[in-house]
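Worksheet for the structure shown next.
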Amino acid sequence: MEYFKKQLSARELDVLRLSSEGLTDKEVATKLSVSLGTIHTYWTRVRSKCNGRTRAEIVSRYTRELVGSSNGTHAGVHASILDAIPLGVIEVDADLAIGLMNATSRELLSVNGAEAPLSLNHLPVSAQDRTEILQITEAVILGKRVRSGLTSRGTRLDVVPVLDGSRAVGAIITITPSIQRVAAIWSSVSSS
């Protein structure tokens with residue numbers, strides 16, 4: 001969290017925080033009583049200051065700092081915080097073993113707690129989606145720059161490396177569903 005506090009103005013931090021809670025740009029603009037154009041300007045600044053290619057990458061880094069996980073370990077991760085995020089979040093190590101999977105990702109992938117896969121190789125998704133997820137994740141861990149992917153379910157995948165110094169020791173995958181899917185997931189997670 002300190003990194004973001006040092007890099008961003010208070011208002012830019014508000015935009016990042018509200019976006020990480022699942023609000024759309026329009027909802028953030030309304031909540032902060034500014035125009036939609038102002039929110040877009042804030043996002044341009046946030047991406048520039050945080051050296052992020054995509055919002056999902058920045059939100060993923062922000063979330064990681066927020067929950068206190070470091071160097072690929074999960075000590076101190078607050079599951080309730082991660083489960084409240086309307087983005088799917090999966091953290092894997094360099095061998096693609098799943099260390100963390102929040103409630104939204106379990107819902108998106110139709111995984112219940114007892115059947116949680118131990119590896120990305122065993123995700124209960126179509127072969128096409130699994131291949132897409134594996135290819136993007138492996139490329140990121142190997143240090144290649146890749147674009148976001150789209151699964152056959154219409155969800156967007158963003159993958160960022162988990163670094164130990166300059167070496168990738170894993171990756172964080174964020175899964176962004178359609179806004180209708182977010183609303184359905186949010187209501188099911190909130191009610192449990």
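Just to be sure I understand, how many residues within region 22-41 are crowded, with 17+ Cβ neighbours inside 10 Å and over 22 Å from Pro177 (Cα atoms)?
Selection size over region 22-41: 0.
Which members of region 71-110 meet the condition of being modelled with pLDDT of 75 or more, of a type in the set (A, V, I, L, M, F, W, C) and part of a loop (DSSP other than H, G, I, E, B)?
Leu87, Ala94, Leu96, Leu109
Taking Ser19 as the residue in question, decide whether it is open to solvent by 40 Å² or more (accessible area, probe 1.4 Å), at negative phi and of a type in the set (Gly, Ala, Ser). Quick ask: steps written out before the conclusion?
Working: open to solvent by 40 Å² or more (accessible area, probe 1.4 Å): no; at negative phi: yes; of a type in the set (Gly, Ala, Ser): yes.
No.
Which ones in region 1-12 are within 17 Å of the chain's Cα centre (by Cα) and either open to solvent by 30 Å² or more (accessible area, probe 1.4 Å) or among the basic types (Lys, Arg) (or both)?
Of the residues in region 1-12, the ones within 17 Å of the chain's Cα centre (by Cα) are 1, 4.
Listed by number, the list holds a single entry, Met1.
Consider only pairs whose beta carbons are under 7 Å apart and that are at least six residues apart or on different chains; among these, list those whose first residue lies in region 138-161 and is on the phi > 0 side of the Ramachandran plot and whose second residue is at pLDDT 75 or above.
That search, which allows pairs on different chains as well, returns Gly143/Ala168.
Inside region 95-114, can you point out the residues that are open to solvent by 50 Å² or more (accessible area, probe 1.4 Å) and in contact with a helix residue (DSSP H, G or I) (Cβ under 9 Å, 6 or more places away or on another chain)? Steps first, answer last, please.
Initial filter on region 95-114 (open to solvent by 50 Å² or more (accessible area, probe 1.4 Å)): 95, 106-107, 110, 112-114.
Across region 95-114, the qualifying residues are Arg106, Glu107, Asn112, Gly113.
As an exercise: evaluate Gly22 against (1) in contact (Cβ under 8 Å) with a residue 24 or more places away in the chain; (2) out of contact with any Pro (no Cβ under 6 Å at 6 or more places or on another chain) and give the number of the one condition it does not meet.
The single condition Gly22 does not satisfy is (2).
The values are calculated or read from the model by the stated rules, or taken from the named source; none is laboratory data. What you see is a predicted model, and the numbers here were worked out from it, not measured in a lab. Glycine also receives a Cβ, built like all others from the backbone with ideal geometry; neighbour counts cover every protein chain displayed. Please note that ligands, DNA and RNA were not included when accessible areas were found on the heavy atoms of the full protein model with its side chains. Shrake-Rupley method; radii C 1.70, N 1.55, O 1.52, S 1.80 Å.
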